[in-house]
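One structure is given here, and the rest of the page talks about it.
Read-outs throughout are calculated quantities, based only on the coordinates presented, and are distinct from any laboratory measurement. Just so you know, these numbers come straight off a predicted model, no measurement behind them. Quick reminder, even Gly has a Cβ in these numbers, built from the backbone with ideal geometry, and neighbours come from all protein chains shown.
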């Protein structure tokens, strides 16, 4: 079994059908979905992939403007990236920010 065959098997088990070209219409009960790469033509170039699948909680409507003739299409919801500089962390100490750090000194915004 090749790597491509194994990916196709996984996709089919999840109700996904990867597209080589756009359909004329979206089949009943299916959703047109693409990955997070910038849409390109032809499908499959520069990492852009599109497929048909049944709805699930990982999809959200996409407003990128790709294929308006087919109506609403979807993208996979992206997981937020956790950055060491995200709100709620103290990158200087590598710990969650709060009123007090391990040294028990108040943060600048915490006063005192």
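If you wrap a convex hull around the Cα atoms of the stretch 3-76, how much volume per residue is inside, in Å³?
About 96 Å³ per residue, rounded to a whole number.
Quick one: if the Förster radius is 22 Å, what FRET efficiency do residue 69 and residue 11 give, using the C-beta to C-beta distance and rounding to 0.05? Let's see the in-between values first.
Details: r = 25 Å, r/R0 = 1.13.
The value I calculate is 0.35.
Any idea what the relative contact order of the stretch 3-76 is, in percent, if you count C-alpha pairs under 8 Å spaced at least 6 apart? Write out the running numbers ahead of the final one.
Details: 101 pairs, mean separation 24.3, N = 74.
This gives 33 percent for the stretch 3-76.
By counting other Cβ atoms within 10 Å of each Cβ, how are 78, 52, 70 ranked from fewest to most?
Numbers: 78 9, 52 17, 70 13.
Arranged by neighbour count, lowest to highest, 78, 52, 70 become 78, 70, 52.
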